[in-house]
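Everything on this sheet refers to the single structure shown next.
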Amino acid sequence: MEYLNIAKTLHAKTIRTIIDTPREQVVYWIKQIIPNFEETDVTIAVENNEKLAARELADLVRKIGSPCFRINMDTDNSLGRLERIEEVAKELAPYAIILHYKVFNIIRVDHRMGFKVVGCAASDGRVNADWIFEILQEEGINSKIVLELWPPFFGDN
């Protein structure tokens, strides 16, 4: 409840989090606290990542069944599960209140034995902005959009 109190003090309407705990435990915890969030009109936005499949996150939102438990949809985070943004958006767009829009590219390494996933400029990557915004509009979602830069790593310098 500490974060809810901080949100109220800051007049924040959303608390973003990531889940890496077994779903059954999360459902139990969230169902205990969600009435307090509903009373104050603060929403918990769970960001997708490689720990849970998009389908599992959508199921979690349905199980909680509260307008104050929603999704922070990230265009790249589910790559670690080999889920493409098309799969992620199909499952999560109906519940998204925030979009973390970042762009990646997949490049072959110099020795030709593998690939790297790297961040890049929004106009140079593999995420179709028009398509993702259209999907959100089709769902009637008026998401906040965070343009998240994911620059390539250039070492310790």
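Please tell me the relative contact order of the range 1-152 in percent, rounded to the nearest whole number, where contacts are Cα pairs under 8 Å and at least six residues apart. Once normalised by length, the contact order is 18 percent. Counted over the chain, the DSSP beta bridges are approximately 25% antiparallel.
Rounded to the nearest 20, the Cβ-based charge dipole of the range 38-96 about its Cα centre (Lys and Arg +1, Asp and Glu -1) stands at 200 debye. Sorting the Cα pairs of the chain by distance into bins of 10 Å, from 0 upward, gives 10, 36, 32, 17, 4, 1 percent per bin. Taking 0.36 nm per residue of separation and subtracting the Cα-Cα distance, full extension of the segment from residue 38 to residue 59 would add 5.6 nm.
With R₀ set to 35 Å, the beta-carbon distance separating residue 24 from residue 108 gives a calculated FRET efficiency near 0.25. When all alpha carbon pairs of the range 68-157 are counted in 10 Å bins from zero, the resulting P(r) reads 16, 46, 27, 10, 2 %.
Each residue of the range 109-125 was assigned a 3J(HN,Hα) from its phi angle through the Karplus expression (A = 6.51, B = -1.76, C = 1.60, θ = phi - 60°), giving 6, 3, 7, 6, 10, x, 9, 10, 9, 10, x, 7, 4, 4, 8, 10, x Hz with x at Gly and Pro. About its Cα centre, the dipole of the chain is roughly 180 debye, where the only charges are +1 on Lys and Arg Cβ and -1 on Asp and Glu Cβ.
Quote the FRET efficiency, to the nearest 0.05, computed for residue 5 versus residue 129 with a Förster distance R0 of 22 Å and r equal to the Cβ-Cβ distance. Using R0 = 22 Å, I get an efficiency of 0.05. Normalised Debye scattering of the range 65-110 at q = 0.15, 0.25, 0.29 Å⁻¹ gives log10 I(q)/I(0) of -0.44, -0.94, -1.12, counting only Cα atoms as equal scatterers and leaving out solvent.
Qualifying GluC sites (Glu not before Pro) in the range 30-120, where qualification requires a DSSP coil assignment and no more than 16 other C-beta atoms within 10 Å, comprise 50.
For the chain, lysine pairs separated by 8 or more sequence positions, or belonging to different chains, with Cα-Cα distances below 30 Å total 29.
Close amide H contacts of residue 16 (hydrogens built in the peptide plane, cut-off under 5 Å, sequence separation of 5 or more or a different chain): 45. Around the amide H of residue 145, modelled in the peptide plane, lie the amide H atoms of 99, all under 5 Å away and 5 or more residues distant in sequence or on another chain.
Among 145, 71, 30, the ranking by other beta carbons within 10 Å of each residue's beta carbon, starting with the fewest, stands as 145, 30, 71. The alpha-carbon atoms of the range 108-153 define a convex hull whose volume equals 93 cubic angstrom per residue.
Computed from backbone phi with θ = phi - 60° and the Karplus coefficients 6.51, -1.76 and 1.60, the 3J(HN,Hα) list for the range 72-78 is 9, 7, 9, 6, 10, 4, 7 Hz; x is used for glycine and proline. Bridge orientation summary for the range 40-123: considering DSSP beta bridges with both residues in this region, about 40 percent are antiparallel. Amide H to amide H distances under 5 Å link residue 128 with no residue, where only residues 5 or more positions off or on other chains count and H is placed in the peptide plane.
Quick note: the coordinates plus some simple rules give every number you see, no bench work behind them. This one's a predicted model, so the numbers in the text were calculated from it and none came from an experiment. Counting neighbours? That spans all protein chains shown, and the Cβs are built from the backbone with ideal geometry, glycine included.
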